[in-house]
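The block underneath contains the structure these notes are about, expressed in structure tokens.
The values are calculated or read from the model by the stated rules, or taken from the named source; none is laboratory data. Just so it is clear, the model here is predicted, and its values are computed rather than measured. As a convention, Cβ positions derive from the backbone with ideal geometry for all residues, glycine included, and neighbour counts pool all protein chains shown.
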Amino acid sequence: MKLSRLGGNRRQKWGPYAAVLPWGRVFSDIQGDAFSTPPAMSAYPVTKIDRYILVLFLRTALICFCSIAGIFVVFHAFSHMEDLLRQGQQQGSLITVFIRCYGPYMLLLFDMTGAIITLMAFLFTVGWLRRTGELTAILSAGISHGRIFQPIVYASLTIILVQLANRELLLPNYRDSLSFKAKKVFADGEEPISLQKDYMNQVSLDGDGLDVKTNLIHRPNFRLDGDYPGFGEILVADTAQWLEADTKHDAGYLLNDVEFPVAIDELESVGLEDRVILFTPKDFPWLQKGQCFFATAVHPELLRDNKEAKSRASVAALISRMRNPAIFNPPSLEVMLHERMVRVPLDFGLILLGLPIVINRHGRALFFMVGVAMFTVLGFFVVKTIGTTLGSNGIWLSPSMAAWLPLIVVAPIAYVRYRESHLV
């Protein structure tokens with residue numbers, strides 16, 4: 001049925017549903033065949049009912065997120081109340097402590113639950129429209145489910161893209177805050193060091209601790225596996241400060257108060273092939289007495305023992321790490337990189353997988369729809385977990401293939417579900 005025919009005799013066509021709909025002159029603006037192939041968004045004008053459904057969906061999504069965030073803050077705050085109160089007394093404001101502590105966690109919570117909350121909000125919005133009879137009235141005009149839910153689908157894609165911006169631009173700046181507990185919100189960001197070997201220079205980097213805020217290694221202990229005449233097998237100092245490359249030297253660590261080798265000021269600078277690796281004051285006047293500079297491509301970020309901090313790095317940082325020839329990268333890191341690349345289409349595929357649930361041809365109850373959605377999400381994450389496990393082992397699948405496997409499975413099904421939604 002052509003919806004353009006509804007313009008002239010709108011009240012006569014709606015019959016008993018005219019009193020149910022609060023949108024006034026809405027359906028006279030919708031044109032086109034409701035049962036045709038889904039056109040581009042630009043082919044449909046944005047009507048009052050589109051705005052009504054969109055506002056209802058966004059409001060529901062916001063309520064769902066605030067509910068989950070509120071539960072998290074309440075439980076976490078009561079579990080760490082003493083630490084928070086102590087920090088509040090030291091800083092003079094408990095509100096500042098709460099913002100510094102839970103602000104980054106809200107970004108992390110949005111990144112972790114955005115897609116699931118969007119799907120739940122989709123279900124609740126459709127359930128409300130069905131309960132009030134508004135969905136039945138719209139369908140009686142011959143408008144397909146796909147056209148009715150199109151504002152929600154595009155709003156869901158927008159939320160997923162906001163998640164992407166949050167994950168790549170905001171979360172990497174708060175990795176340190178997310179790694180510390182409530183009692184360490186304002187403390188120095190020191191954490192243990194993970195032993196890392198520089199395969200280009202044949203040097204193993206270790207130390208007592210790493211200050212992630214200043215890129216300073218405390219009590220560095222570098223084992224020299226390569227041939228460095230006069231330096232022996234170990235390089236020990238009080239601190240090692242990371243310095244970026246400039247006109248005087250490449251990127252590397254400035255070691256202060258070198259303890260071993262003892263006569264560091266009398267040793268000549270050494271290196272491998274044509275590259276100077278260990279700079280000494282004897283050859284480079286910009287170095288002070290007792291200092292030594294070690295040129296390396298192993299950034300302090302690569303020495304962090306915190307696995308959660310690694311997982312919250314941006315895609316650009318992961319690519320930079322993968323391209324670093326000085327370190328060994330396990331298959332799990334490559335799987336993580338490819339998973340980040342496919343996450344946007346994969347999360348959007350999860351939303352489209354929920355279309356048959358929200359269409360609900362058999363008129364089942366809302367809680368039944370939520371239950372089916374939960375099993376859909378569970379199956380979705382089972383497929384992702386299987387792919388990650390196979391790729392991390394590097395036995396059955398390559399890391400890249402393992403990360404893309406869930407999308408290969410989900411994408412065709414999601415596309416078919418989207419096309420079917422415009423036919424019913």
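Okay, here's what the table says:
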read-out: Of all residues in segment 393-402 being touching a residue at least 40 places away in the same chain (Cβ under 8 Å) and buried (at least 19 other Cβ atoms within 10 Å of the Cβ), the one that is farthest from Leu119 (Cα to Cα); value: Pro399
read-out: Residue list for segment 336-373, filter: at pLDDT below 80 and either of a type in the set (Lys, Arg) or within 20 Å of the chain's Cα centre (by Cα) (or both); value: Arg361, Arg364
read-out: Criterion violated by Ala240 - all others in (1) out of contact with any Asp or Glu (no Cβ under 8 Å at 6 or more places or on another chain); (2) within 24 Å of Phe328 (Cβ to Cβ); (3) at pLDDT below 85; (4) not polar (S, T, N, Q) satisfied; value: (3)
read-out: Residue in segment 323-330 that is within 23 Å of Gln150 (Cβ to Cβ) and either outside any helix (DSSP H, G or I) or touching a strand residue (DSSP E or B) at 6+ places or on another chain (Cβ under 8 Å) (or both) present; value: no
read-out: Subset of segment 272-286 [free of Cβ contacts under 8 Å to residues at least 24 places away in the same chain and either closer than 15 Å to Gly232 by Cα or among the hydrophobic types (A, V, I, L, M, F, W, C) (or both)]; value: Val276, Thr280
read-out: Every pair of residues 6+ apart whose Cβ atoms lie under 9 Å, when the first sits in segment 309-335 and is within 21 Å of Ala251 (Cα to Cα) while the second is of a type in the set (Phe, Trp, Tyr); value: Pro325/Tyr199; Ala326/Tyr199; Ile327/Tyr199; Phe328/Tyr199
read-out: Some residue of segment 90-104 being closer than 30 Å to Ala373 by Cα, in contact with a helix residue (DSSP H, G or I) (Cβ under 7 Å, 6 or more places away or on another chain), surrounded by 17 or more Cβ atoms within 10 Å (Cβ to Cβ) and not basic (Lys, Arg); value: yes
read-out: Those residues of segment 100-128 which are more than 13 Å from the chain's Cα centre (by Cα) and among the hydroxyl-bearing types (Ser, Thr, Tyr), in sequence order; value: Tyr102, Thr118, Thr125
read-out: Helices (runs of 4 or more DSSP H) fully within segment 131-174 counting 3 or more residues that are closer than 23 Å to Leu318 by Cβ and under 20 Å from the mean Cα position of the chain (by Cα); value: 150-165
read-out: Pairs where the first residue, in segment 357-380, is more than 11 Å from Leu123 (Cα to Cα) and of a type in the set (Phe, Trp, Tyr) and the second is modelled with pLDDT of 65 or more and surrounded by 10 or more Cβ atoms within 10 Å (Cβ to Cβ), C-beta under 6 Å, 6+ apart; value: Phe380/Leu350
read-out: Members of segment 245-277 found to be in a strand (DSSP E or B) and touching a Phe, Trp or Tyr at 6+ places or on another chain (Cβ under 6 Å), listed by number; value: Gly252, Tyr253, Leu254, Val270
read-out: Looking only at segment 212-237, and only at residues there that are assigned to a loop (DSSP other than H, G, I, E, B) and closer than 15 Å to Gln196 by Cβ, the one that is modelled with the lowest pLDDT; value: Val212
read-out: Test: residue in segment 72-81 that is under 28 Å from Leu350 (Cα atoms) and not acidic (Asp, Glu); value: yes
read-out: Odd one out for Ile95 among (1) part of a helix (DSSP H, G or I); (2) touching a residue at least 24 places away in the same chain (Cβ under 8 Å); value: (2)
read-out: Selection from segment 92-129 of residues that are modelled with pLDDT under 85 and closer than 20 Å to Arg51 by Cβ; value: Gly127
read-out: Residue within segment 109-121 that is assigned by TED's automatic domain parsing to the domain that holds Ile53, part of a helix (DSSP H, G or I) and over 14 Å from Ile68 (Cβ atoms) present; value: no
read-out: In segment 281-301, the residues that are part of a loop (DSSP other than H, G, I, E, B) and either over 43 Å from the mean Cα position of the chain (by Cα) or within 30 Å of Arg175 (Cα to Cα) (or both); value: Pro281, Lys282, Asp283, Phe284, Pro285, Gln288, Lys289, Gly290, Thr296, Ala297, Val298, His299
read-out: Filter result for the condition that a residue is of a type in the set (S, T, N, Q) and either assigned by TED's automatic domain parsing to the domain that holds Val344 or surrounded by fewer than 14 Cβ atoms within 10 Å (Cβ to Cβ) (or both), over Thr239, Thr296, Thr247; value: Thr247
